[in-house]
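Laboratory data are not the source of any read-out in this text; all were calculated from the coordinates shown. Just so we're clear, the structure is a prediction, and the values are computed from it rather than from any experiment. Cβ sites come from the backbone with ideal geometry, for glycine too, and all protein chains shown count toward neighbours.
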Amino acid sequence: MAERRYTDEETAAIFKAAAELQAAETAPSGELTAPSSGEGMTLAQLQQIGREVGIPSELVARAAHGLELRGRASVRRFMGLPIGVGRTVALQRTLTEAEWERLVVDLRETFDARGRLRTDGGFRQWTNGNLQALLEPTPTGHRLRLRTMKGDAYAMMSSGFAALAFDAVLVALRSMSGRAGGAGAVFAIGAAGVAMIALGALRVPGWAKRRQQQMEEIAARLTESTAG
């Protein structure tokens, strides 16, 4: 089995948590900088970096374990914007029916949505539009996948780019035909396209941050309630 590798974002979160753990026990011993790696870093590599700046290996391991409990975050981007977010949590045992029901209650309260339930063999899911919670069986227990997408913003930005493409075609046709009229309509189409892209883009960052926070909180509560 391949050794777990941590992304740059996960690495930063681990070292931040390890430094906070150390600060609770003693004064910080230095500034921590971790090299960026496209392939990610193993726990052993993170511990080596920690030792170089005076953070004990056990604190780095504790911080990494805390990250695992919160699950792995994922982001789907469109034009560099976080149009979709998700989180995967690997549980070390199977959830009982009562625990699944409590999780559904937590989902409904956190996202303020009733949602719909579905069961297919050993798979369970709760969905509310693009917002999904999927519970899957694994060899060691259950895995929870949370994911969602800002569909309205994606549609608005896609329409905006389509309007700009159509506007470019009109400009090219006018240039080839030598027509002088219709400039106002061409400008209006282009302006509408830019406005749709801007409106859609402005709605995404705050939404993504909020959804990521909500998913992390759900994962933390679930892992805490099922620990032991």
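Positive-end ranking of Gly160, Ala63, Ala44 along the dipole of the chain, with charges on Cβ about the Cα centre, is headed by Gly160. Kirkwood analysis of the range 152-202, using all unique Cα-Cα pairs, places the hydrodynamic radius at 11.2 Å. Summarising the label geometry, the points placed 7 Å from Cα in the beta-carbon direction at Phe166 and Glu216 lie 4.1 nm from one another. Fewest-first ordering of Trp207, Trp100, Trp126 by other beta carbons within 10 Å of each residue's beta carbon gives Trp207, Trp100, Trp126. Which angle between 0 and 90 degrees, to the nearest 10, do you get for helix 8-25 versus the longest principal axis of the chain when only C-alpha atoms count? Tilt relative to the chain: about 40 degrees.
For the chain, the longest principal axis of the Cα atoms and the long axis of helix 43-52 meet at an angle of about 80 degrees. Note on the range 132-228: dipole from Cβ charges, positive end direction compared against Ala192, Leu146, Gln132; the farthest Cα belongs to Ala192.
Take the chain and mark each of the trypsin sites (Lys or Arg not before Pro) that is in a DSSP loop with at most 11 other Cβ atoms within 10 Å; the longest unmarked stretch, sites excluded, is 1-113. The calculated FRET efficiency for Asn130 paired with Ala90, based on their beta-carbon distance and R0 = 30 Å, is about 0.80.
Translational diffusion of the chain was estimated from the Stokes-Einstein equation, with Rh taken as the Kirkwood radius over Cα pairs; at 10 °C and 1.306 mPa s the coefficient is 76 µm²/s. The simple spin-label model puts a point 7 Å past each Cα toward its Cβ; for Thr140 and Ser225 those points are separated by 2.2 nm.
Full extension of the segment from Arg62 to Arg5, taken as 0.36 nm per residue of separation minus the current Cα-Cα distance, would add 18.9 nm. Between Arg116 and Ala198, the contour length at 0.36 nm per residue exceeds the Cα-Cα span by 26.2 nm.
Only Lys, Arg, Asp and Glu carry charge here, each on its Cβ (+1 for the first two, -1 for the last two); on that basis the chain has a dipole of about 920 debye about its Cα centre. Within the chain, the longest run free of exposed loop sites, counting GluC sites (Glu not before Pro) that sit outside DSSP helix and strand states (H, G, I, E, B) and have at most 15 other Cβ atoms within 10 Å, spans 40-228.
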